[in-house]
1. Of the listed peptides 431-443, 12-24, what is their order by residue-averaged count of other C-beta atoms within 10 Å, with the highest listed first?
2. Between residue 114 and residue 366, take the C-beta separation as r, use R0 = 25 Å, and let me know the FRET efficiency to the nearest 0.05.
3. Find out how many positive minus negative residues lie around residue 226, taking Lys and Arg as positive, Asp and Glu as negative, among other residues whose Cβ is under 11 Å from that of residue 226.
4. Sort 112-120, 74-82, 193-201, 162-170 for me by packing, meaning the mean count of neighbouring Cβ atoms within 10 Å per residue, highest on top.
5. Between residue 125 and residue 219, what FRET efficiency follows from the Cβ-Cβ distance if R0 is 41 Å, with the result rounded to 0.05?
6. Roughly how tilted is helix 405-414, in degrees to the nearest 10 and between 0 and 90, from the longest Cα axis of the chain?
7. In the chain, what % of DSSP beta bridges are antiparallel (nearest 5)?
8. On full extension of the chain, what length is gained from residue 73 through residue 434, given 0.36 nm per residue of separation minus the C-alpha to C-alpha distance?
Amino acid sequence: MAGFSSLIQPDRGQAAHLVHMVAQADPDQWRATLNARQRAAVDAGRFAAKPGEMVILPGDDADDWSVAVGMPAKPTPWDLAGAAQKLPAGTYRLAQPTQADAALGWLLAHYRYTRYLSSPEPMAERVLLTADVAHVDATVALAEAVALVRDLVNTPAADMGPAQLAAAIEEEARGHGARIAIHHGDALEQDFPCVAAVGRAAAKGREPRLVEVEWGDENHPRIAIIGKGVCFDTGGLDIKPSSAMLLMKKDMGGAAHALALARLVMRSALPVRLHLLIPIVENSVAGDAFRPGDVLRSRKGISVEIGNTDAEGRLILADALALACERKPELMLDFATLTGAARVALGPELPALFANDDALAEDLVAAGSAVADPLWRLPLWQPYADMLKSEIADVNNAGEGGMAGSITAALFLQKFVEADIAWAHFDTFAWMPSSRPGRPKGGDALGLRASWQMLRQRFG
């Protein structure tokens, strides 16, 4: 996906069509400001300012028209997105002061994933003028971070395997002068045994690895960002049915979120010491695949009995969390497309949030509400830890009974987190199952903007 910088420009009085954002609560008050021809257009179009509605308002000359867009009482980033997808190419100016959120939706309405289309439909560029020049770069950066998540998740596993995902992380790190280390082979087996075990059945060239990036001043507060990078998940020997495998190219969505958040941190020069950790595997079926009943020794030393090879994401995150904790971060966030249970409970658009620190959880939920990137906190309900008991190891990777799946997964991860480190875990879907304005069907960033808003408020 190309950049968005050409689609939002400083307002220097250029010729442009006006865009009126009309709240559904008071369309009559706005209607009273129109001339007779414009009111006739509003009536003919049955425009009631409902969110997503749009009507063209005639001007004195053929090209002197404007547009009205309905919006909810509480603005969201997506209020302009529908209009931006329908309007003809041209230059536009908001009749009201530009809001950064509205501009974000305008930009993301132009997102397309066209990598495999022989003749993609040409994109009509609609340029938005803004007087809010100070926020242009930040808005473009956020739109491009969301697009990065979408691009990575949308790419099929054949072209987004462990090597390609590692290369994408390396490119981002090099571009910001960060230090990068890629752990693989014998060193991975020794230092990150759970990552190595989950990925060892992958084909040659798709071997497991853990990518580690460090950036920023060592004297600044240390934060760790971790993402689940399962490039494709067959379920392993506990193989998924074919219907459950159809979207498994998106099982690296947590890694995509982590990388996009790290990009925002580095691009904005946030005064932190960033530690990005992304374990990358393909959970495949082969003669040397790890088995149900195996016991793995994790980096932290905790032994894990394998109750289900399809609960692999938590295994690779366990090793990454352990390494992150060794560096004593002030704050630690992990992102993962971890459980179907979270989707059953909250649906595709609402990530489940778990945290061992109430202040961190409250800040994240408030940040998500502020930027219309909602989160829902679920409890780290300690009595359910009994569901993870093993008779032969310290813990089982799969809970018994099939209940509270997202909670038991989070409780498993918590075993690898030091109690004095503030930690939050995002169980996100990373996918839009149907298209909505500014949010096409496919990979999407869910929880990214909330976490970035929180980091800016804490460290910006």
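Values quoted throughout were computed directly from the atomic coordinates according to the rules given, and no laboratory measurement underlies them. What you are looking at is a predicted structure, and each value in this text was computed from that prediction instead of being measured. Note: ideal-geometry Cβ built from the backbone for every residue, glycine included; neighbour counts use all protein chains shown.
1. 431-443, 12-24
2. 0.10
3. Once all neighbours under 11 Å are counted, the net charge is -2.
4. The densest-packed peptide leads the list: 193-201, 74-82, 162-170, 112-120.
5. Computed FRET efficiency for residue 125 and residue 219 comes out at 0.40.
6. It works out to around 70 degrees.
7. 40 percent
8. Extending this stretch completely gives an extra 127.5 nm.
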